[in-house]
Amino acid sequence: QVQLVDSGGGSVQAGGSLKLSCLASGRTSRYAVGWFRQAPGKEREFVASISWTGDTTYYAESVKGRFTISEDTRKNTVYLQMNSLKAEDTAVYYCATGPRQADYAFEYPYWGQGTQVTVSS
């Protein structure tokens with residue numbers, strides 16, 4: 001079994017920054033990690049993903065240039081650095097992991113509990 005704990009959310013003003021963390025435990029292989037977000041009344045949206053080796057990253061067009069996904073394999077932790085936050089970034093952010101890197105939520109079998117990010121304008 002794999003367990004993910006995501007954290008780091010909070011409330012910030014537009015233009016501010018937050019750094020989210022996703023701690024993984026019980027890993028049996030080098031899984032990829034994705035970040036997704038879900039705003040009220042909307043479906044989960046892909047944000048970013050990284051291979052566990054860290055050599056391949058993907059970003060949603062809406063966050064390119066503002067968000068950076070990274071990893072610390074020694075800590076089994078993946079981060080999402082979010083800069084220049086906008087009101088439309090407000091959502092619950094979830095990390096997810098699975099055996100291969102993907103842009104679609106259904107391809108990730110393990111999920112964190114979610115952390116709220118609120119950006120006020």
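What follows is calculated from the coordinates using simple rules that are stated; it is not laboratory data. Since this is a predicted model, take the numbers as computed values, not measurements. Cβ sites come from the backbone with ideal geometry, for glycine too, and all protein chains shown count toward neighbours.
Of everything in the range 83-121, what is within 17 Å of Gln38 (Cα to Cα) and in contact with a Ser or Thr (Cβ under 6 Å, 6 or more places away or on another chain)? Give them in sequence order.
Ala87, Thr90, Tyr93, Tyr110, Thr115, Thr118, Val119
Would a scan of the range 27-37 turn up a residue that is in contact with a helix residue (DSSP H, G or I) (Cβ under 7 Å, 6 or more places away or on another chain), hydrophobic (A, V, I, L, M, F, W, C) and either in contact (Cβ under 8 Å) with a residue 40 or more places away in the chain or in a loop (DSSP other than H, G, I, E, B) (or both)?
Yes: one or more hits.
Return yes or no: is Gly65 in contact (Cβ under 8 Å) with a residue 24 or more places away in the chain and at positive phi?
No: the conditions fail for Gly65.
Within the range 1-35, track down each residue that is among the hydroxyl-bearing types (Ser, Thr, Tyr), closer than 22 Å to Thr57 by Cα and more than 13 Å from the chain's Cα centre (by Cα).
Across the range 1-35, the qualifying residues are Ser17, Ser25, Thr28, Ser29, Tyr31.
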